[in-house]
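Below is one structure, written out as structure tokens, with a few remarks after it.
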Amino acid sequence: MILNSEQIINAHKAIGVIDSGVGGLTVVREISNRLPGERIIYFGDTARMPYGPRTYEEVRKFTFEMIDFLRHQEIKMLVVACNSATAAGLSAYQEVCEYPVLGVIEPGVRAALTQSRRGRIGVIGTVGTINSSEYEMAMRRENGKLHIVSKACPLFVLLVENNLVNTPEAKKVVQEYLDPLVSEDIDSLILGCTHYPLMESLIQEVVGSSVSLINSAEEIAAEVEEILGNTGMANPLGSDNPRYRFFVSGNPEPFEEVGAKLLQRDIKAYQVKLG
Ligand code: DGL
């Protein structure tokens, strides 16, 4: 294979992935399955999570701080792997970055519209994401006849970040939030928060097997591949051992623990102070 100089430069650059905490790792997992040769640099703003209850201004400010940090890390693309941060200002991030910036809402909407059989769709997310109505508006733009039921589930992120998903209390919490959606006879449920795939089996147990769970991570990874391919930025060298770097603003240990389980490998995270 003969490579041009642009391909060589981009081959070494990483894909940046940011989230308020560990949730964005569900997106990292899909990107690494699909594009095993790409480098990834991850930032989880664990010291200031959850983003869900914060104002859009605050979430935008924090997200810009992560973007600023990544400026010194040579990235060729950024995935805002956080629905709350996407809802708070995706176009504002796109304006300041000289590389492609992807959010997680549009890919989730596309997946839901393809997978829903009867047009009865539930959406769950943080307070910020649900109050923004971004999912609902995007789906209605495509199909005005959908029956959409949205619900904020603020406690879910805390169950995940505190490693409490496999407890009887967690099941009660999930039932309390999701039983009203099941009563609405939904056929699919958008996991509108990147933390929620980390409690996917519990959610599935509560809503029943007739409801398809929509996890946008796969769709995002496919979009990352397409953009890298179309813009000539894919890493043509590949690698059996791609380098991943994890940065967090809080204590690295709980992040490393959840991350190792999710990615099935030991990970080391470095603490960085933002703001
Ligand atoms: N994982 C994030 C999301 O997709 C944010 C969770 C939070 O920090 O509240 O919305």
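The values are calculated or read from the model by the stated rules, or taken from the named source; none is laboratory data. Keep in mind it's a predicted model, so treat the numbers as computed, not measured. Note: ideal-geometry Cβ built from the backbone for every residue, glycine included; neighbour counts use all protein chains shown.
Within segment 103-146, being assigned to a loop (DSSP other than H, G, I, E, B) and more than 14 Å from the ligand (Cβ to nearest atom) holds for S116, R117, R118, G119, S133, N143, G144, K145, L146. The condition of being within 16 Å of the ligand (Cβ to nearest atom) and touching a residue at least 12 places away in the same chain (Cβ under 8 Å) holds for only one of P254, P242, that being P254.
Applying a threshold of 7 Å to beta carbon distances and a minimum spacing of six or more residues, or different chains, the list of pairs starting in segment 94-105 at a residue that is in contact (Cβ under 8 Å) with a residue 40 or more places away in the chain and exposed (fewer than 15 other Cβ atoms within 10 Å of the Cβ) and ending at one that is of a type in the set (K, R) and in a loop (DSSP other than H, G, I, E, B) is empty. Listed by first and then second residue, the pairs with beta-carbon distance under 9 Å, at least 6 apart or on different chains, first residue in segment 163-183 and crowded, with 18+ Cβ neighbours inside 10 Å, second among the acidic types (D, E), are V174/E205.
I'd like to know if segment 177-196 contains one or more residues that are of a type outside the set (A, V, I, L, M, F, W, C), farther than 18 Å from T86 by Cα and within 16 Å of the ligand (Cβ to nearest atom). Give the steps one after another, and end with the answer.
Keep residues of segment 177-196 that are of a type outside the set (A, V, I, L, M, F, W, C), which gives 177, 179-180, 183-185, 187-188, 192, 194-196.
Then drop every residue that is not farther than 18 Å from T86 by Cα, which leaves 177, 179-180, 183-185, 187-188.
Still in the list and also within 16 Å of the ligand (Cβ to nearest atom): 177.
Yes, that holds for at least one residue.
Got a sec? Which strands (runs of 3 or more DSSP E) wholly within segment 207-272 have at least 2 residues that are buried (at least 20 other Cβ atoms within 10 Å of the Cβ)?
By residue number, 244-248.
Counting residues in segment 33-44 that are acidic (D, E), within 16 Å of the ligand (Cβ to nearest atom) and buried (at least 19 other Cβ atoms within 10 Å of the Cβ) gives zero. I'd like the residue in segment 1-17 that is within 17 Å of P242 (Cβ to Cβ) and of a type in the set (G, A, S) and, out of all such residues, is modelled with the highest pLDDT. That would be G16.
Among the residues making up segment 182-205, those that are within 22 Å of the chain's Cα centre (by Cα) and aliphatic (A, V, I, L, M) are L189, I190, L191, L198, M199, L202, I203. Evaluate the following for V80: is it modelled with pLDDT under 95 and either touching a strand residue (DSSP E or B) at 6+ places or on another chain (Cβ under 7 Å) or closer than 17 Å to A221 by Cα (or both)? No: the conditions fail for V80. In segment 12-32, the residue that is nearest to the ligand (Cβ to nearest atom) out of those that are in contact with a strand residue (DSSP E or B) (Cβ under 8 Å, 6 or more places away or on another chain) and charged (D, E, K, R) is D19. Contact annotation: residue pairs with Cβ atoms under 8 Å, 6 or more positions apart or on different chains, pairing a residue in segment 68-93 that is of a type in the set (D, E) with a partner that is away from the ligand (no atom under 16 Å from the Cβ) and in a strand (DSSP E or B), are E74/A14. Out of the residues in segment 148-164 that are outside any helix (DSSP H, G or I) and out of contact with any Gly (no Cβ under 6 Å at 6 or more places or on another chain), which is nearest to D45 (Cα to Cα)? Only one residue fits best here, namely N162. Can V59 be described as within 22 Å of A14 (Cα to Cα) and either in contact with a strand residue (DSSP E or B) (Cβ under 6 Å, 6 or more places away or on another chain) or within 12 Å of the ligand (Cβ to nearest atom) (or both)? Criteria not met by V59.
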